[in-house]
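I have placed the structure first, in the form of structure tokens, so that the comments after it can refer back to it.
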Amino acid sequence: MKRWFPILGIVTLALLSYALYEALVAAPTERTMGDVQRIFYYHVPSAWTAFLLFFLNFVASIQYLVRRKPGVDRIANWIVLGIAVAICIGAYVVPPPAGVERSAVATTGLAVAAIYFLVRKLFPGDRADILAVVTAEVGVVFCTIVLITGPLWARPVWGIWWAPGDIRLTSTLVLWLIYIAYLMLRKFSSSGNTAVIAAVLAVFGALDVPLVYFSIWFFRTQHPQPVIGGGGSIDPRMMQVLLINWVAFLFFAYLVSWSRYRLEVIKREVERAQGMQELMETRAR
Amino acid sequence: MSGVTRATLIKDLRLEWRSKDAINSMLFFALLVVVVFSFSFDPIAEESRRIAGGLIWVAFLFASVVALNETWARELRNQVLDAYRVSPAPANSLFVAKALGNFIFVCVLEALMAPLFIVFYNLRALGPAYQLLIVAPLGTWALVVNGTFFAALSIRTRAREIMLPLLLFPISIPAILGMVSATTAILSGENSARFYIVLLAVYDVVFTIACLALFETVLHAE
Amino acid sequence: MTSGAAQSSPIIVVDNLIKQFGRFAALRGVSAEFVAGKMYAILGDNGAGKTTLLRTMAGLNHPTRGSVSILGNRNLREICGEIGYMAHPSLLYDEMSGMENLRYFGQLYGIADEERCRAAIRAVALDPELERPVGQYSQGMRQRMSLARALLNDPKILLLDEPFSNVDLRSAREMVALLGRMRNAGKTIFVVTHQASLLDGAADEFVWMEAGRIVSRTESFERVAREMGEDARSSEDMEKRR
């Protein structure tokens, strides 16, 4: 993997440059908002990347917790499979919400299960905890970008910095707060089992997110609020630029996460080696 | 309620009654909060009924954080928690007892602060006032169940007292939105609080289950 | 007295126990077998790992590697009703009286019978009717009440961490006598202490720990006194002068 790093770096740089060009120059100018709208190409992909990373954190945390007891681990596998199957079947039985394709829902269900088992396979034992730390840290960075670009976009276009009823922006803010709390918990922990405590908090956070979403959704239906970011359809050419930027961001996120992962792995190996050395001492120092 | 839960709850209530430490300081703190709020947000204004819901619950939130920080203080003093961990008593019994104790305590605080708010803000419910009696316990349990759990998490950290609100506030946001919106809806009578009551109930169920499922893990973490 | 066969089967087996706190290794591979019905004194300098060993046996610390097996069980939660644990902090509520404390802790073990609480308090030579809150006890009384709490569930195994520290000599001697009686009744007792001389004549075996390992086990106090050198002799001198 180390050999691939420079190549990956160059590819990422190329992609980011290309994406930047596309976003700032090549993409068509938006009819009503003008050039300010171009910040959208940073705002949305950052959000998708952050959500993906936080989802990985959730999966890694659950993995870490269930792995402590083999019986619970097996049950969890079956539950995840069950949920995936239920979503796939449900996608074709229950009419999906407006604007969402049935196949998209089914694919999401399969993707969730696939990610769970991939994480299980690729990150055994302690590695799941390292994955959790990495995804939380990088996720917070991308989430911060979302929260900064959001108001920067909103102010010139809609005249306000923030709308408390804006469901996406507010949900993102809560998610950001939860993960800042997560990182602080890890930093301030004086326990020997920091990984377990952090994983527990991540589970609570994940349970909270749908509730946040629904609470704001209903609040909005009772108190109509301006919608930042607009809704509705999007020009296919713009969608293309959006996806290019997302791919570039994903590469970048992967690069940064991988570096951080390696750093954490090495750090823990050093600690383990020092611990082993301590064990071998015949006298205490 | 299991024997351990009952015994723990009774012991906590008895100790609280005997020392009256927390009660006295909490009561005075609650009064101060109401007074400060009444100076900061003009209670005579027309809008007072709209913002009262938010003010009341923010005041309860801060008052309950001060109470929640004390949840495990007695158990930490002489490492009594070790005695609990060594015994065969189930971890959840301890959790339920502590959560119920906190619940009772915060409800007492609310019962004392609410009349003060009514007086200072000349509040009158234009909607169905009985619903407030449903919203209050649901909202309080939402704060207390997670608060008791995160207080236990905070024990294993260095900055224990600031860690609790740091962890509690983000997670409580849907519940706070629910409590405030429901109270505002009832006081102003402008819309139905029903959805928010359902939201609070769902929140309570989800997180009570989560706390019961994970407390043993947290208690026995070193 | 128990038969020889029952005495020889180990009740606690420690297998290559390693406990690390970050980089610091508190236990560096402790392996030992302990037999039922004996009193073991665990001695050693500060930082030798005595407290960590005891806490791991009580299930309060989780091994980094290796295992502790008590009564044939590696999962210590299953047999925790057979263990009594006592540490230097009193593990009692300062604001409650002795009886109130024991009544509560009895509930944790499913003991509803108040007479058992009174019996435990009387066994440590304290008055069950004393209304004074534990926080106002002298150190000796508090340690004895803590011992009463550890005895409450009539455990097969007692794990006592520094039970005599800051305790006056008379109370300490009474506690040792009580522990001897418990051992004779079939309990297995572990006492971590700096004051080895107190257990001279009471303990069946002295276990010496150093730097996270057990370096010697002996049944004779004279050997311990020799190993400790001046420390043992000076504490004996101090006792003679009292």
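Some notes on this structure:
- Residue count for the stretch A:1-27, restricted to those that are surrounded by fewer than 10 Cβ atoms within 10 Å (Cβ to Cβ) and either among the acidic types (Asp, Glu) or at pLDDT 85 or above (or both): 2
- Looking only at the stretch B:126-153, and only at residues there that are within 11 Å of the chain's Cα centre (by Cα) and among the hydroxyl-bearing types (Ser, Thr, Tyr), the one that is farthest from the other protein chains (Cβ to nearest Cβ): B:140
- Residue count, the stretch C:87-101 (criterion: more than 9 Å from chain B (Cβ to nearest Cβ) and aliphatic (A, V, I, L, M)): 1
- Scanning the stretch B:177-213 for residues being in a helix (DSSP H, G or I) and surrounded by 22 or more Cβ atoms within 10 Å (Cβ to Cβ) gives a total of 17.
- On the stretch given as the stretch B:13-36, residues that are over 27 Å from residue B:97 (Cβ atoms), touching a residue at least 40 places away in the same chain (Cβ under 8 Å) and not β-branched (Val, Ile, Thr) total 1.
- Of all residues in the stretch A:186-209 being among the small types (Gly, Ala, Ser) and part of a helix (DSSP H, G or I), the one that is farthest from residue B:205 (Cα to Cα): A:195
- Single condition residue B:142 does not satisfy, out of (1) modelled with pLDDT of 90 or more; (2) aliphatic (A, V, I, L, M); (3) under 26 Å from residue B:84 (Cα atoms); (4) out of contact with any Asp or Glu (no Cβ under 7 Å at 6 or more places or on another chain): (4)
- Counting residues in the stretch A:139-150 that are within 14 Å of another protein chain (Cβ to nearest Cβ), surrounded by 19 or more Cβ atoms within 10 Å (Cβ to Cβ) and within 30 Å of residue A:70 (Cβ to Cβ) gives zero.
- Of the residues A:192, A:159, the single one that is at positive phi and modelled with pLDDT under 85 is A:159.
- Any hit, the stretch C:178-189, residues being in contact with a Pro (Cβ under 8 Å, 6 or more places away or on another chain) and either among the charged types (D, E, K, R) or at pLDDT 95 or above (or both): yes
- Some residue of the stretch B:154-168 being within 10 Å of another protein chain (Cβ to nearest Cβ), surrounded by 24 or more Cβ atoms within 10 Å (Cβ to Cβ), out of contact with any Ser or Thr (no Cβ under 7 Å at 6 or more places or on another chain) and small (Gly, Ala, Ser): yes
- Exactly one residue among B:10, B:23, B:56, B:51 is farther than 27 Å from residue B:172 by Cα, of a type in the set (Val, Ile, Thr) and assigned to a helix (DSSP H, G or I), and that residue is B:10.
- Leading residue by the ranking (farthest from the other protein chains (Cβ to nearest Cβ)) among those in the stretch B:70-89 that are surrounded by fewer than 19 Cβ atoms within 10 Å (Cβ to Cβ) and in a loop (DSSP other than H, G, I, E, B): B:70
- Residue B:190 being among the charged types (D, E, K, R) and within 14 Å of another protein chain (Cβ to nearest Cβ): yes
- Selected residue (only one of C:143, C:107 is more than 20 Å from the chain's Cα centre (by Cα) and surrounded by 19 or more Cβ atoms within 10 Å (Cβ to Cβ)): C:107
- When we screen C:122, C:74, C:65, C:103 for residues that are of a type in the set (Lys, Arg), out of contact with any Asp or Glu (no Cβ under 8 Å at 6 or more places or on another chain) and farther than 21 Å from residue B:220 by Cα, the only hit is C:122.
- Just one of the listed residues (C:26, C:41, C:48, C:58) is under 28 Å from residue B:2 (Cα atoms) and crowded, with 20+ Cβ neighbours inside 10 Å, namely C:58.
- Only a single item in (1) more than 11 Å from chain B (Cβ to nearest Cβ); (2) in a strand (DSSP E or B); (3) of a type outside the set (Phe, Trp, Tyr) is not met by residue C:115, and it is number (2).
- Strands (runs of 3 or more DSSP E) within the stretch C:139-224 that include 2 or more residues out of contact with any helix residue (DSSP H, G or I) (no Cβ under 7 Å at 6 or more places or on another chain), free of Cβ contacts under 8 Å to residues at least 60 places away in the same chain and within 14 Å of chain A (Cβ to nearest Cβ): none
- The stretch A:182-205, subset among the aliphatic types (A, V, I, L, M) and surrounded by fewer than 19 Cβ atoms within 10 Å (Cβ to Cβ), residue farthest from the other protein chains (Cβ to nearest Cβ): A:183
- Scanning the stretch B:68-89 turns up no residue that is modelled with pLDDT under 80 and out of contact with any Cys (no Cβ under 6 Å at 6 or more places or on another chain).
- In the stretch C:16-72, residue farthest from the other protein chains (Cβ to nearest Cβ) [restricted to those that are of a type in the set (Gly, Ala, Ser) and in a loop (DSSP other than H, G, I, E, B)]: C:37
- In the stretch A:261-275, residue surrounded by the most Cβ atoms within 10 Å (Cβ to Cβ) [restricted to those that are over 14 Å from residue C:21 (Cα atoms) and of a type in the set (D, E, K, R)]: A:264
- Lone unmet requirement of (1) within 14 Å of chain C (Cβ to nearest Cβ); (2) within 13 Å of the chain's Cα centre (by Cα); (3) buried (at least 22 other Cβ atoms within 10 Å of the Cβ) for residue B:97: (2)
- Every residue from the stretch C:88-104 that is without any contact (Cβ under 8 Å) to a residue 12 or more places away in the chain and surrounded by fewer than 20 Cβ atoms within 10 Å (Cβ to Cβ): C:89, C:100
The values are calculated or read from the model by the stated rules, or taken from the named source; none is laboratory data. Please read these numbers as outputs of a predicted model, since none were measured by experiment. Virtual Cβ from ideal backbone geometry, glycine too; neighbours counted across all protein chains shown.
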